[in-house]
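Trainee: Let me begin by handing over the structure; questions about it come next.
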Amino acid sequence: MRFLDENNVSILKVLDLSLRLFVVPLCVASIWLTVTNHQDNSIYGKIEFSNFLGLKYMVCISAISSGYALVAALSSWVKFLATKAWAFFISDQVVAYLMVTSGAAMVEILYLAYKGDQEVTWSEACISYGRFCDRMVLALSLHALALFCFFVLAIISAYRAFSIYEPPYVPSEEVEENRP
């Protein structure tokens, strides 16, 4: 028994394609905000994204995610590739997890920039580099939106991969009561 009829399946395909295409500009905007972000302070010097390994990681993962989303959207038009539900399921899962890890790295950097770490005598950098921090928060927000899209895509691809199988047989209570 299938839960979705043909009309809902086509809506699911449109949603899948739309989300994949929506992710591309989100990732590109996040990359652009991060890479072009720099601020100079007369007391402490210049700060830029290349000073932080976590931001470089986020840029790389966003580029990979954007490229994957574009290739996956284009491959949905190719009949042979569109039927490979397991390939999309695994790929969507991997990309979603990578997006989580890169977002976590960015959150850690922003947390330290806003709060500092008094135990190791790191002061709050956002007091001196407010514009830099504001742009990183915006880039993180875009990254989080892209992650949400990949989360939904992972659910859709999981449904597609597992919907080809029948649900497991669960005997009814009446049958079990009649057994000795």
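The values are calculated or read from the model by the stated rules, or taken from the named source; none is laboratory data. This structure is a prediction, so every number in the text was calculated from the model and none was measured. Using ideal geometry, Cβ is built from the backbone for each residue, glycine included, and neighbour counts are taken over all protein chains shown.
Trainee: Provide a single number: the residues in segment 68-104 that are β-branched (Val, Ile, Thr) and surrounded by 16 or more Cβ atoms within 10 Å (Cβ to Cβ).
Mentor: 1
Trainee: Residue check, Ala144 against (1) closer than 28 Å to Ser18 by Cβ; (2) at pLDDT below 95; (3) not β-branched (Val, Ile, Thr), all met but one. Which one?
Mentor: Of (1) closer than 28 Å to Ser18 by Cβ; (2) at pLDDT below 95; (3) not β-branched (Val, Ile, Thr), only one is false for Ala144: (2).
Trainee: Among Val175, Val170, which is the only one that is at pLDDT below 80, part of a helix (DSSP H, G or I) and aliphatic (A, V, I, L, M)?
Mentor: Checking each option against the conditions leaves just Val175.
Trainee: Right, something else. Which of the residues belonging to segment 56-93 are of a type in the set (Val, Ile, Thr) and in contact with a Phe, Trp or Tyr (Cβ under 9 Å, 6 or more places away or on another chain)?
Mentor: Val59
Trainee: While we're here: Please indicate, with yes or no, whether at least one residue in segment 34-41 is within 30 Å of Ile156 (Cβ to Cβ), of a type in the set (A, V, I, L, M) and assigned to a helix (DSSP H, G or I).
Mentor: Taking every residue of segment 34-41 in turn, none turns out to be within 30 Å of Ile156 (Cβ to Cβ), of a type in the set (A, V, I, L, M) and assigned to a helix (DSSP H, G or I).
Trainee: While we're on this one: Yes or no: segment 51-67 includes at least one residue that is outside any helix (DSSP H, G or I), modelled with pLDDT under 85 and either surrounded by 19 or more Cβ atoms within 10 Å (Cβ to Cβ) or more than 21 Å from the chain's Cα centre (by Cα) (or both).
Mentor: Scanning segment 51-67, I find no residue that is outside any helix (DSSP H, G or I), modelled with pLDDT under 85 and either surrounded by 19 or more Cβ atoms within 10 Å (Cβ to Cβ) or more than 21 Å from the chain's Cα centre (by Cα) (or both), so the answer is no.
Trainee: A further question follows. Scan segment 4-17 and give yes if some residue there is small (Gly, Ala, Ser) and modelled with pLDDT of 90 or more, otherwise no.
Mentor: no
Trainee: Report the residue count in segment 18-40 for those that are at pLDDT 95 or above and among the small types (Gly, Ala, Ser).
Mentor: Total meeting the criteria: 2.
Trainee: Follow-up. Can you find a residue that is under 20 Å from Leu19 (Cα atoms), out of contact with any Leu (no Cβ under 9 Å at 6 or more places or on another chain) and part of a helix (DSSP H, G or I) anywhere in segment 122-137?
Mentor: Within segment 122-137, not a single residue is under 20 Å from Leu19 (Cα atoms), out of contact with any Leu (no Cβ under 9 Å at 6 or more places or on another chain) and part of a helix (DSSP H, G or I).
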